[in-house]
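Reviewing the structure listed below.
The values are calculated or read from the model by the stated rules, or taken from the named source; none is laboratory data. No experiment lies behind these values; they were computed from the predicted model shown. For neighbour counting, all protein chains shown are included, and Cβ atoms are generated from backbone atoms with ideal geometry for every residue, glycine included.
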Amino acid sequence: MKNFIFNILLAVLVLISINSFPQDFRKTATAGFAFLEIPVTARSASLGESSISLSDMNSQGIFVNPAILGFTDMTHSFSASYSNWFADIKHYASSYSYNSEIGVFGLGVVMMDYGSMPRTITGGGQRVYNIIGTFEANSVALGLGYSKMLTDRFSFGVVAKYVEEKIDVYKASNILLDGGVLYYTGMGSLRIAASLQNFGTNTKFIADEFKMPIMLRLGASAEVIGDKNSDYRVTLIAEALHPTDADERINFGTEISWNEILTLRAGYKFFYDEETYSFGFGLNPKLSFPLIADFSFADYGKLGNILRFTLQLGWY
């Protein structure tokens, strides 16, 4: 088992080294389906998106690292997230997981609704254009995942997802794969994780071919004060990212929790064009069934700010 874990982590490091040589061109905006790179849950967004090594995200783990699903102790877990993106674009997401005897199965849905836009044609006379109606645009990702704990400290997970973007009668679609591992090292509470997201072949929109927004992540986290059973807990999180359509990036996050009832969160992103700091909080009223509400605020520089809300439910 130890050799298996070592080989996986070694393969991740090799991938990072292969893809980290300097490039002679800027990779910005060289991939499609860019909505897949937007943070989905409020908890992840408030931590600067540094969340692949958190083992207690339950069904929400399907959006960041499918190996997280394997650590859930709930039989059923459900989450729903919402944010009002820029230009009145609506961002919705929902996840569900079922913990069975053979592993944990998960389902995740992400949708961006760009709303209705006027349909125009070239106008005559002094009119530049005439409005003849409206059309709609949206993006959808539907994923089905599986995760399993091979030991009490190691879990792996995979997700297959159908992705589609549609503008009026035109659309592009593809089948993509996510995969990840999560491992408790035995050095205190330190855990390390790796995930590969949006892996797939190129696809076309009408006649234009584009590549996928593949993202390689490597992260670590640990409790520096207390643990999940303590009155107070402080968790530090770090994550390195290698996207195919941007330069390498680093995210940091921290959680400060009181009895797991009130959790304060903050994060910071390095080497981004506009994104910088984020913060938020989570409330767990400790009801007879798990009910957690998370809120986040993220700064996007000149673009403005984004608020997110996530509600999580569970049944044992």
Qualifying residue in the range 200-214 (condition: farther than 22 Å from LEU36 by Cβ, surrounded by 13 or more Cβ atoms within 10 Å (Cβ to Cβ) and of a type outside the set (A, V, I, L, M)): no
Test result for GLY106, surrounded by 17 or more Cβ atoms within 10 Å (Cβ to Cβ), at pLDDT 95 or above and either under 24 Å from TYR272 (Cα atoms) or in contact with an Asp or Glu (Cβ under 7 Å, 6 or more places away or on another chain) (or both): no
Checking LEU190 against (1) in contact with a helix residue (DSSP H, G or I) (Cβ under 6 Å, 6 or more places away or on another chain); (2) under 25 Å from ASP152 (Cα atoms), the condition it does not meet: (1)
Lone unmet requirement of (1) over 25 Å from ILE192 (Cα atoms); (2) part of a loop (DSSP other than H, G, I, E, B); (3) in contact (Cβ under 8 Å) with a residue 40 or more places away in the chain for GLY124: (3)
Any pair with Cβ under 9 angstrom, 6 or more apart, that starts in the range 158-174 at a residue that is touching a residue at least 12 places away in the same chain (Cβ under 8 Å) and of a type outside the set (Gly, Ala, Ser) and ends at one that is outside any strand (DSSP E or B) and surrounded by fewer than 16 Cβ atoms within 10 Å (Cβ to Cβ): TYR170/ILE206; ASN174/THR201; ASN174/ASN202
Residue in the range 218-226 that is over 25 Å from GLY179 (Cα atoms) and either β-branched (Val, Ile, Thr) or under 16 Å from the mean Cα position of the chain (by Cα) (or both) present: yes
Restricting the range 112-144 to residues that are of a type in the set (Phe, Trp, Tyr) and within 38 Å of the chain's Cα centre (by Cα), the residue that is surrounded by the fewest Cβ atoms within 10 Å (Cβ to Cβ): PHE135
Any pair with Cβ under 8 angstrom, 6 or more apart, that starts in the range 286-297 at a residue that is under 15 Å from GLU255 (Cα atoms) and ends at one that is of a type in the set (Gly, Ala, Ser) and outside any strand (DSSP E or B): ASP294/ALA42; ASP294/SER46; PHE295/ALA42; PHE295/SER46; SER296/ALA42; SER296/ALA45; SER296/SER46; PHE297/SER46
Residue count, the range 82-121 (criterion: over 17 Å from LEU307 (Cα atoms), in contact (Cβ under 8 Å) with a residue 40 or more places away in the chain and not in a strand (DSSP E or B)): 1
Hey, ILE175 on the phi < 0 side of the Ramachandran plot and more than 24 Å from the chain's Cα centre (by Cα) or not: no
Any hit, the range 237-258, residues being under 18 Å from the mean Cα position of the chain (by Cα), free of Cβ contacts under 8 Å to residues at least 60 places away in the same chain, over 18 Å from GLY61 (Cβ atoms) and surrounded by 21 or more Cβ atoms within 10 Å (Cβ to Cβ): no
Number of the condition not met by GLU248 [criteria: (1) out of contact with any strand residue (DSSP E or B) (no Cβ under 6 Å at 6 or more places or on another chain); (2) of a type in the set (D, E, K, R); (3) over 21 Å from ARG191 (Cβ atoms)]: (1)
